[in-house]
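Accompanying notes for the structure given below.
The values are calculated or read from the model by the stated rules, or taken from the named source; none is laboratory data. What you are looking at is a predicted structure, and each value in this text was computed from that prediction instead of being measured. Cβ placement follows ideal geometry from the backbone for every residue including glycine, while neighbour counts extend to all protein chains displayed.
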Amino acid sequence: MTKEQIIDAVKEMSVLELNELVKAIEEEFGVSAAAPVAAAGAAAGAEAEEEQTEFDVVLEDAGASKIKVVKAVREITGLGLKDAKELVDNAPGTIKEGVAKEEADQMKEQLEETGAKIELK
């Protein structure tokens, strides 16, 4: 399998499938993805002087109305019921990455109306 084939396969995965893949790789090779993520965060902080144009929509807490939150997550992401429910049940977790400011604000508002706690990063 070529590197391009692997990248294409990863592009087709849902957020939950990617999360499971990372966990499996960590277990298989005895490594942690936490250090690179921290380094990426530090690099992003260095670029914070520029105005941020893309945001990650992160579900911090589903609140009391999980069913409403699951429905909203499904609507926003296009995930199936099972994947959306897993994402909500396993909060905190990223709902969408690399979203324009206006779209991210709209998603945040829509999800907060259901009682969810959302953070834009």
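List of remarks:
- You will find that of THR94, THR114, THR77, the residue that is over 19 Å from LEU18 (Cβ atoms), among the hydroxyl-bearing types (Ser, Thr, Tyr), outside the structural domain of LEU16 (by TED's automatic domain parsing) and in contact (Cβ under 8 Å) with a residue 12 or more places away in the chain is THR114 and no other.
- Residue match in the range 94-112 (condition: of a type in the set (S, T, N, Q), modelled with pLDDT under 85 and over 15 Å from the mean Cα position of the chain (by Cα)): no
- Filter result for GLY63 (part of a helix (DSSP H, G or I), at pLDDT below 85 and not aliphatic (A, V, I, L, M)): no
- Flag set for ALA84, criterion: without any contact (Cβ under 8 Å) to a residue 40 or more places away in the chain, in a helix (DSSP H, G or I) and either of a type outside the set (Lys, Arg) or touching a strand residue (DSSP E or B) at 6+ places or on another chain (Cβ under 7 Å) (or both).
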